[in-house]
Amino acid sequence: MKIKQFIAHQMIRRRKRRSIPVEALETKHVDLQSPSYNDSSYFAGLSREGFSFVTRQAFRTGKHNENWLKVHIPDEGVWGFEDRPLEEGEGFVQGELKYICREPGKIWDIQYEGPVFQGDREENIVLDLQWQSTSPILNFDKAGSDPKQVAEQIAKKPWNKAFFNRLREIHLVHYEQGGELKGSIMWKGEKHKVSLRGVRDHSFGRRDWSKWRRHIWFLGMLDDGRFFNVSVIDYNFVNDLKAGFIYDGAGYVTLSETPSFDDLHLQKPLPHQLEFSVRERRDKPQIMLKTKMEQFFPFIMDGVYHIRQAKASFEYGGVPGIGIAEMGVNLKEYGSDITDR
């Protein structure tokens, strides 16, 4: 086992030497020769009492493109759409849903004008927002995950050609960033100025939703300016791949201890509240992280995987914050009716 851990650790360290300039990261990546290749960009803008939204575009090889837009409107609930047949444009554009990079790693425009839906009801909405970063990009090739922990999980599994092929398939370029969004949302003819906390990510590589068993992805902005991630994913061939970081204003710290699924003691596949501990450094005490999930944004991926995003309030060591608490489960394993389970 120790030899396998050493070999796996060396493989992961080699991957972390890869360096991609920010100008190249912030472009759309396409590989027409790679089945299930996926370039996914995501933005969320959040406020405690006012408008909040999530949006995503994914450009895929051999499958339809994915798109999301869901907006929580005060006193009117969640309006939006998922996987509409929108025409792909140049760059990050599907129909009237547009992400326009003004300055790589720093400034993006988020725009949409068109219909949104709530059941059988339809309304028109106009989003005209600008993202500005409040932290540098965190590229998971460089930080955010512990190579030793990943190596331990890989070493537990039987090694063969099929296993290593699957490992190569799940290795994405993935980065995240904290920021703020300012601009306007036009709703029912009334223009609302908004100022929102922002989180974003961008990833590219192969992605097959049928191979995902379950995951959590918690991304939060604390009231003192810090920005954190805690995430864990089980694939159908390797489990408990964990990541986590905190940005403290000076730089990113990879969390030395984050929970596995066993540590979460889930009573339901998709709970509304969670508490667990993390540790920033091995010589520091544990920190309690609490989350309460509030407005929900559900999505079904390729008919096989259920993602439930939620605007969430967080407490990180007693410091309040706001962010996205995303959880997902495979429908084949957990069933299709999981709303209240």
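Just a few scattered comments:
- Residue match in region 97-111 (condition: more than 20 Å from Gly198 (Cα to Cα), among the charged types (D, E, K, R) and open to solvent by 30 Å² or more (accessible area, probe 1.4 Å)): no
- Test: residue in region 112-122 that is modelled with pLDDT of 95 or more, crowded, with 16+ Cβ neighbours inside 10 Å and not β-branched (Val, Ile, Thr): yes
- Count of region 211-243 residues which are in contact with a Pro (Cβ under 8 Å, 6 or more places away or on another chain) and assigned to a strand (DSSP E or B): 5
- Residue check, Ile246 under 15 Å from Val54 (Cβ atoms) and outside any loop (DSSP other than H, G, I, E, B): no
- One residue alone among Glu88, Glu23 is open to solvent by 40 Å² or more (accessible area, probe 1.4 Å), within 26 Å of Ile300 (Cα to Cα), at pLDDT 95 or above and not aromatic (Phe, Trp, Tyr), and that residue is Glu88.
- When every residue of region 66-84 is checked against the conditions, at least one turns out to be part of a loop (DSSP other than H, G, I, E, B) and within 19 Å of the chain's Cα centre (by Cα).
- Residues being surrounded by 15 or more Cβ atoms within 10 Å (Cβ to Cβ) and either within 23 Å of Phe53 (Cβ to Cβ) or without any contact (Cβ under 8 Å) to a residue 24 or more places away in the chain (or both) are entirely absent from region 249-259.
- Filter result for Gly105 (touching a helix residue (DSSP H, G or I) at 6+ places or on another chain (Cβ under 9 Å) and either of a type in the set (S, T, N, Q) or modelled with pLDDT of 95 or more (or both)): yes
- Some residue of region 288-298 being under 19 Å from the mean Cα position of the chain (by Cα) and open to solvent by 90 Å² or more (accessible area, probe 1.4 Å): yes
- Restricting attention to region 250-274, the residues that are touching a Leu at 6+ places or on another chain (Cβ under 7 Å) and at pLDDT 95 or above add up to 2.
- Residue match in region 33-44 (condition: open to solvent by 20 Å² or more (accessible area, probe 1.4 Å), farther than 23 Å from Asp208 by Cβ and either part of a strand (DSSP E or B) or free of Cβ contacts under 8 Å to residues at least 60 places away in the same chain (or both)): no
- Look at (1) closer than 17 Å to Phe227 by Cα; (2) surrounded by 16 or more Cβ atoms within 10 Å (Cβ to Cβ); (3) not aromatic (Phe, Trp, Tyr) and you find that His306 fails only one, number (1).
- Test set (1) under 28 Å from Leu181 (Cβ atoms); (2) modelled with pLDDT under 95; (3) basic (Lys, Arg); (4) more than 16 Å from the chain's Cα centre (by Cα) - Lys211 fails condition number: (1)
- Residues located in region 224-238, provided they are touching a helix residue (DSSP H, G or I) at 6+ places or on another chain (Cβ under 7 Å) and open to solvent by 10 Å² or more (accessible area, probe 1.4 Å): Tyr235, Asn236, Phe237
- If the condition is being over 29 Å from Ile137 (Cα atoms) and surrounded by 15 or more Cβ atoms within 10 Å (Cβ to Cβ), then region 70-85 contributes Ile73, Val78, Trp79, Arg84.
- Residue count for region 314-328 satisfying the condition of being over 13 Å from the mean Cα position of the chain (by Cα) and surrounded by 19 or more Cβ atoms within 10 Å (Cβ to Cβ): 4.
The values are calculated or read from the model by the stated rules, or taken from the named source; none is laboratory data. Note that the structure is a prediction, hence the values are computed from the model and not measured. Neighbour counts run over all protein chains shown; Cβ positions are idealised from the backbone, glycine included. Accessible surface areas use protein heavy atoms only, side chains included; no ligands, DNA or RNA. Shrake-Rupley method; radii C 1.70, N 1.55, O 1.52, S 1.80 Å.
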